[in-house]
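Below is one structure; the comments refer to it alone.
The values are calculated or read from the model by the stated rules, or taken from the named source; none is laboratory data. Values in this document were obtained by computation on a predicted structure and should not be read as measured data. A quick note on method: Cβ atoms are made from the backbone with ideal geometry, for glycine too, and the neighbour counts reach across all protein chains shown. Heavy atoms of the whole protein, side chains included, go into the accessibility calculation; ligands, DNA and RNA do not. Shrake-Rupley method; radii C 1.70, N 1.55, O 1.52, S 1.80 Å.
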Amino acid sequence: MQSEIVDTPAGDARIAWHLPKKGTATRLVLAVSHGAGGGIEARDLQALAAALPPLGVSVALVEQPWRVAGKKLAPAPKTLDTGWRALWPALAKRGLPVVAGGRSAGARVACRTAHELGAHAVLALSFPLHPPGRPEKSRADELLGTGVPTLVVQGGNDPFGKPAEFPAASRALDGGYELLEVPYADHSFTVPKRATITQDEALTVLTDGVGKWIRSQSAR
């Protein structure tokens, strides 16, 4: 793992690079940021950082400036977008296609900025379709407006939006979006003990599904 500090108007951000081994052809970069309630230690981000480099994917785990500064509360979405935009040149400097990604609030950032930044595609982990218990406060417009191929990975029991609540995939936009369900999982991809799959199996559903999708994106 290689760590890189990037200066942004919102403060210093940090990129933790997880690279393919020497001799492995690198296909693209997957840049993923954390949510508003945690950091890059999230189990889904760590699982992807371990699973994807052997497939030729450089994984950049991005810590937003507020986390680097040790703050507990995320700033307004506009500030999150500002930090992400300023990071983009560091993510794209290797000359490879960059898939913009994130979990929860980070997924919203990736969706909102994908088109303007020239992202190759978007990976949205635990996209917060609406606040818990408030389905009328939909954020579907952010998801449907990426303008690039998008994969949503959603827990089957996510209070921020269960898979059945998502709008039908729109093919009117360039690429549309696909949805991968992780059975029984909540917003953090935690599965209850009563589930018919284990926690490790749930993460395998996630990493295998993302890996398959990433390979399809590297081929286009």
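The listed residues are 191, 153, 148, 182, and the only one of them that is buried (at least 16 other Cβ atoms within 10 Å of the Cβ), farther than 16 Å from residue 124 by Cβ and of a type in the set (Val, Ile, Thr) turns out to be 191.
Would you pick out the residues in the range 81-101 that are among the charged types (D, E, K, R) and in a helix (DSSP H, G or I)? Walk me through it before giving the result.
First, the residues of the range 81-101 that are among the charged types (D, E, K, R): 81, 85, 93-94.
Correct list: 81, 85.
Name the residue that is modelled with the lowest pLDDT, counting only residues in the range 179-220 that are of a type in the set (D, E, K, R) and part of a helix (DSSP H, G or I). Result: 215.
When you go through 195, 202, 185, 219 one by one, which is the residue that is closer than 22 Å to residue 27 by Cα and of a type in the set (A, V, I, L, M, F, W, C)?
None of the other options fit; the residue is 219.
Restricting the search to the range 98-107, which residues are surrounded by fewer than 24 Cβ atoms within 10 Å (Cβ to Cβ) and either free of Cβ contacts under 8 Å to residues at least 12 places away in the same chain or in contact with a helix residue (DSSP H, G or I) (Cβ under 6 Å, 6 or more places away or on another chain) (or both)? Spell out how you get there, then give the answer.
Residues of the range 98-107 that are surrounded by fewer than 24 Cβ atoms within 10 Å (Cβ to Cβ), as a first pass: 98, 105.
Passing the criteria: only 98.
Of the numbered criteria (1) closer than 20 Å to residue 207 by Cβ; (2) modelled with pLDDT under 95, the one residue 77 fails is (1). Is it the case that the range 53-61 has a residue that's among the aliphatic types (A, V, I, L, M), open to solvent by 70 Å² or more (accessible area, probe 1.4 Å) and within 22 Å of residue 121 (Cα to Cα)? No, because not a single residue in the range 53-61 is among the aliphatic types (A, V, I, L, M), open to solvent by 70 Å² or more (accessible area, probe 1.4 Å) and within 22 Å of residue 121 (Cα to Cα).
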